[in-house]
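Structure first, then comments.
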């Protein structure tokens, strides 16, 4: 069964790359045959899919990306397919941004919905303003599927996230398309997730601190809770009662408990410039001092409550405490840390 399946995958990829009409028959066959196959078989298939995603035109490659994303969600490895999916998603996003600009130039209005259908009328509309109007149109109508697959790959592959070059530029590109394609907005958020990065966490009251390493954290609600779980009530940590283990777990890699319990925030998180670190932001927003992002713990100005759970449910997170620092160890840091500012004036 596995040999037949892999042969069919190979035929489907070759048909997509060659724009062969056989693709329309092979794709549903492969989708049906993949149901229930063990990850070890799907792992072999994803490598071949990566080749097709990299080479096929976007209107066909996007279907390969969707299928590969489904396999990864069902336990297959992202290795070999994650980089091609992200590369094609950025390529499609670039062409889609050009398409949207050309459409506005030509019509003064909003581009057609990306879940619609290509047409000659669309090509004629943007044609005078683009060197490859057909290619741009095909990218536009494939971007939602590429974005869906890229969400899976970025969520499941820390190595992919860590290897992103020019992440802020790519996040701005994909985020700029979110008004047309919500899933591109999610790609933008995932592109800003940082992995394997050390933070310096300082307690202003005691002047002690900790070096922590984070990864896979989707927003500062998650950072806030994982810091509380790692530091509160722990030897050499902060006073207080840590969040319940099942709450910490659902901010790491577990399912959220039924009813989405409410979490209470124990601190204000403040950066080295004295500005609040808003929970709605992401760790990548935290400014660095001498190459290190600094988080300062202050007493809360008011009691914050938020529901438990990860912003990106498919992405697992990590936060480890690498070491504690006594006040005398941090004497050189505090001159670079401003007093807290309060934007609400309380």
re region 195-336: pairs of Cα atoms spaced beyond 18 Å account for a percent value of 52 percent
If the viscosity is 1.306 mPa s and the temperature 10 °C, what Stokes-Einstein diffusion coefficient in µm²/s follows for region 131-231 when Rh is the Kirkwood radius over Cα pairs? 102 µm²/s
What do you get for the angle between helix 2-18 and the principal long axis of the chain? Use alpha-carbon atoms, 0 to 90 degrees, nearest ten. 80 degrees
Distance from a point 7 Å along Cα→Cβ of residue 106 to each backbone N in region 58-96: keep the residues under 20 Å and list them by number. 58-59, 92-96
The chain: proportion of alpha-carbon pairs further apart than 35 angstrom, %: 36 percent
Mind pulling the angle between the C-alpha long axis of helix 23-34 and the longest principal axis of the chain? Nearest 10 degrees, somewhere in 0 to 90. 50 degrees
Taking the Kirkwood radius as the inverse of the mean 1/r across Cα pairs, report the Rg/Rh of region 1-192. 0.99
As I understand it, the value is the acute angle between the Cα axis of helix 182-191 and the longest principal axis of the Cα atoms of the chain; what does it come to in degrees, rounded to 10? 50 degrees
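Read-outs throughout are calculated quantities, based only on the coordinates presented, and are distinct from any laboratory measurement. Predicted model only: the values in this text are computed from it and were never measured. In this analysis, Cβ positions are derived from the backbone assuming ideal geometry, glycine residues included, and neighbour counts consider all displayed protein chains.
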